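The values are calculated or read from the model by the stated rules, or taken from the named source; none is laboratory data. What you see is a predicted model; the values in this text were computed from it and never measured. Cβ: placed from backbone, ideal geometry, glycine included. Neighbour counts: every protein chain shown.
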Amino acid sequence: MIKKIFTTIETKNENLILESILEHSRLDGEELCLLKKIIDLSSHYPLNELESLYSNICKINADAKDIFKHIYNKIKQYSVDNRKGVEILHLHLKVEQTSAYILKSAQHILIYTRLEQQYPKQIFDRLTTLCELISTMHLYFNLSLEKYSQNKYCTSEYISKIIDVEILVRNHHLESLQFVLEHANKNTLPLGSIRCLENLLSGLEDIASVIFESTVALECLLLN
């Protein structure tokens, strides 16, 4: 009976923590939407609109840090008494990293725009596709996190979808990088613009990678 009570308390604590992580991840989703808007607008480079969207990302990032600053200590305490806590802590840190990488990618777009460079159409199309694929990955991750508390067996379905999309992101990133380097070899884009595009592609890849790593952490929770 006592064991059952402690198990119930433990499950409740775990669910509360995971719900907070999900809320944080939903805010990351809002940041991703703003990042996509920045990419869309950057083809016409209205700098004041881009700066405004970037400020919104910064605000969401800062608000999330303030709102969820207590979660880290709660998870640390939870991990002392529960092996699952280590995986939950890892999951929490990866969700935090997602927001940081989104912010970093937005910064690279602003730098490119401040150089008064317009994306070649093929580059712009590739960036848009990459951002859409990453948004899809993140949507599946949030759905898998939602299902974890409701029905853990349904979580695996979304994890499989994330893995499939992550492969598409990786391939698309490599093709896009190759395209940028071809421009570099032909000297059809200034060196500064090439570096900005390389950094932007790297930033988008980082977002996809950390979403995938968050998924791995969630999968480890399923196995515990």
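Report yes if Ile194 is part of a helix (DSSP H, G or I), over 16 Å from Arg126 (Cα atoms) and touching a residue at least 12 places away in the same chain (Cβ under 8 Å), otherwise no.
Details: part of a helix (DSSP H, G or I): yes; over 16 Å from Arg126 (Cα atoms): no; touching a residue at least 12 places away in the same chain (Cβ under 8 Å): yes.
So Ile194 does not fit the description; no.
Of the conditions (1) at pLDDT 90 or above; (2) hydroxyl-bearing (Ser, Thr, Tyr); (3) farther than 22 Å from Pro46 by Cβ, Tyr148 satisfies every one except a single condition; which number is it?
Unmet for Tyr148, out of (1) at pLDDT 90 or above; (2) hydroxyl-bearing (Ser, Thr, Tyr); (3) farther than 22 Å from Pro46 by Cβ: (1).
Take the range 123-151 and flag every residue that is touching an Asp or Glu at 6+ places or on another chain (Cβ under 8 Å) and closer than 14 Å to Ser99 by Cα.
His138
Give the range 51-70 a look and list any residue that's over 15 Å from His92 (Cα atoms) and not charged (D, E, K, R), or say none. Outline the logic, then answer.
Step one: of the range 51-70, the residues over 15 Å from His92 (Cα atoms) are 51-60, 62-63.
The answer is Ser52, Leu53, Tyr54, Ser55, Asn56, Ile57, Cys58, Ile60, Ala62.
State the number of residues belonging to the range 148-193 that are over 19 Å from the mean Cα position of the chain (by Cα) and of a type in the set (Lys, Arg).
2
So which of Lys76, Lys59, Lys36 ends up being in a helix (DSSP H, G or I), charged (D, E, K, R) and modelled with pLDDT under 85?
Numbers: Lys59 fails: modelled with pLDDT under 85; Lys36 fails: modelled with pLDDT under 85.
Only one candidate qualifies: Lys76.
Only one of Phe124, Phe179, Phe141 is of a type in the set (A, V, I, L, M, F, W, C), in a helix (DSSP H, G or I) and closer than 26 Å to Gly85 by Cβ. Can you tell me which? Working first, answer last.
On the way: Phe124 fails: closer than 26 Å to Gly85 by Cβ; Phe179 fails: closer than 26 Å to Gly85 by Cβ.
Answer to the selection: Phe141.
So in the range 87-129, with the set limited to residues that are basic (Lys, Arg) and within 23 Å of Asp63 (Cβ to Cβ), which one is farthest from the chain's Cα centre (by Cα)?
Checking each candidate, the answer is Lys104.
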